[in-house]
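The values are calculated or read from the model by the stated rules, or taken from the named source; none is laboratory data. Owing to the predicted nature of the structure, the values given are computational and were not obtained by experimental measurement. Backbone-built Cβ (ideal geometry, glycine too); neighbour counts: all protein chains shown. Just the protein is used for accessible areas: all its heavy atoms, side chains included, with ligands, DNA and RNA removed. Shrake-Rupley method; radii C 1.70, N 1.55, O 1.52, S 1.80 Å.
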Amino acid sequence: MRPPRLGTWALKRVVFHSGLLTLAGRARRHAGGMVLRYHAITPDAAEVPYATPEICLPVAAFRVQMAFVKRAYTVVSLDELIERTSRGATLPPRALAVTFDDGYADNHRLALPVLRRLDLPATVYLTSGSMDGGPPLWMSAVRALALTAPPGELAIPGLAPVTLGAAAERGPIARALTRALVPLSAGERSERIAAAASACGVDVGRVLAGSMLDWEQARDLARAGWTIGAHTVTHVNVALAPPEDAAAEIAASRDTIAAAIGAPVVHFAYPNTGGAHRYFDAATAGMLRRLGFRSAVTSAPGLVRPGGDPFALPRIGVGPRLAPVSELAATLVRQRLAA
């Protein structure tokens, strides 16, 4: 099946947006690949309870973006990108890989059909503890709690109480609470969230039911050619956690996923909830090397270059701001020029 065509209006905007033709000509001289970072792919622009709007992209926008990158870039698997860069080999022209973080069920339901139709590879990094009906991602639990609790005071033990009012005010509250909870251990954080949910009468598990992949869906992605990577068990910040806790989270995630899909897991994505804390460093990279990983990706933008550090790979985050294909195209060209 032929990939969907970009509309005439979209092509014109891509070509002329901010002198893109001129920039593209210059960018061809910059060697290096790029990695796109997605999270949730949603049916439309409406908000979902399990992910903040900043990390959601409507499937219609994703479909056009993937048609664009298929035509304008050489989309490669993460395995190929790592294999070539690790030995210093030349990358294909305009090499680009597609990745997804966390393991949302919509990656299988909505993203997979788009990529399968276009015959494009992808990678998904799974938070293994939340798979298959396990405890919800803690960030999703905080968001669900803030969005669905009755109006009034919400008190998460150890944090200053907040007042929940109109729906439009609750998203920023959820983000602030999430950032405040990042440094806690997984167990302490889970206990505090559960206590707050119980006090408010919110069944977080019911609100978030079905939001994460199950193991059969993960195996289906693997059978479709996706690379399956690890993202810890509980989405813990591995740079802030005690080293023994971080190592246990990484190894357990790796082993659980490998057993479920029947293949080794050698790629990792550093959890970076809220973007306000240190989330990887030389110590965590060394830990991953000792645990047998071949690569780790970050949330920082940049080019992937032959011979670069495979445990600090940059990625370009794609959210609503880059939903128009013209914005994505311009960002990719400018990234190549800036690197």
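Scanning the stretch 302-317 for residues that are basic (Lys, Arg) and over 11 Å from Arg84 (Cα atoms) yields one hit, Arg315.
Evaluate the following for Ile55: is it modelled with pLDDT of 95 or more and open to solvent by less than 10 Å² (accessible area, probe 1.4 Å)?
Numbers: modelled with pLDDT of 95 or more: yes; open to solvent by less than 10 Å² (accessible area, probe 1.4 Å): no.
No: the conditions fail for Ile55.
For Arg179, the conditions (1) assigned to a helix (DSSP H, G or I); (2) free of Cβ contacts under 8 Å to residues at least 12 places away in the same chain are fulfilled apart from (2).
Within the stretch 47-64, identify whether any single residue is of a type in the set (Ser, Thr, Tyr) and more than 17 Å from the chain's Cα centre (by Cα), and answer yes or no. Spell out how you get there, then give the answer.
To start, the set of residues in the stretch 47-64 that are of a type in the set (Ser, Thr, Tyr) comprises 50, 52.
So of that shortlist, the ones also more than 17 Å from the chain's Cα centre (by Cα) come out as none.
Scanning the stretch 47-64 turns up no residue that is of a type in the set (Ser, Thr, Tyr) and more than 17 Å from the chain's Cα centre (by Cα).
Within the stretch 143-172, residues that are over 19 Å from Glu191 (Cα atoms) and in a loop (DSSP other than H, G, I, E, B) reach partners that are of a type in the set (A, V, I, L, M, F, W, C) and open to solvent by less than 60 Å² (accessible area, probe 1.4 Å) with beta carbons closer than 7 Å, at six or more positions or on different chains, in the pairs Pro150/Cys200; Pro151/Leu164. The residue of the stretch 82-106 that is surrounded by the most Cβ atoms within 10 Å (Cβ to Cβ), among those that are of a type in the set (A, V, I, L, M, F, W, C) and in contact with a Pro (Cβ under 9 Å, 6 or more places away or on another chain), is Ala97. One residue stands out in the stretch 58-68 among those that are part of a helix (DSSP H, G or I) and in contact with a strand residue (DSSP E or B) (Cβ under 6 Å, 6 or more places away or on another chain): the one that is farthest from Met34 (Cα to Cα), namely Val59. Counting just the residues of the stretch 195-219 that are assigned to a helix (DSSP H, G or I) and open to solvent by 60 Å² or more (accessible area, probe 1.4 Å), which one comes out farthest from Gly152 (Cα to Cα)? Checked the stretch 195-219; the qualifying residue farthest from Gly152 (Cα to Cα) is Arg219. In the stretch 107-153, the residue that is surrounded by the most Cβ atoms within 10 Å (Cβ to Cβ) out of those that are among the polar types (S, T, N, Q) and under 14 Å from Thr232 (Cα atoms) is Thr127. Among the candidates Ala222, Ala180, the residue that is in contact with a strand residue (DSSP E or B) (Cβ under 9 Å, 6 or more places away or on another chain) and surrounded by fewer than 20 Cβ atoms within 10 Å (Cβ to Cβ) is uniquely Ala222.
In a residue-by-residue description of the stretch 277-296, the property of being open to solvent by 40 Å² or more (accessible area, probe 1.4 Å) and under 14 Å from the mean Cα position of the chain (by Cα) applies to no position.
Taking the options Arg334, Arg254, name whichever one is touching a helix residue (DSSP H, G or I) at 6+ places or on another chain (Cβ under 7 Å) and among the charged types (D, E, K, R). Going through Arg334, Arg254 in turn, the sole match is Arg334.
Residue pairs whose Cβ atoms lie under 6 Å apart, sitting 6 or more positions apart in sequence or on different chains, and linking a residue in the stretch 218-235 that is within 13 Å of Ala122 (Cβ to Cβ) to a partner that is open to solvent by less than 10 Å² (accessible area, probe 1.4 Å) and hydroxyl-bearing (Ser, Thr, Tyr), are Thr227/Thr123; Gly229/Thr123; Gly229/Tyr125.
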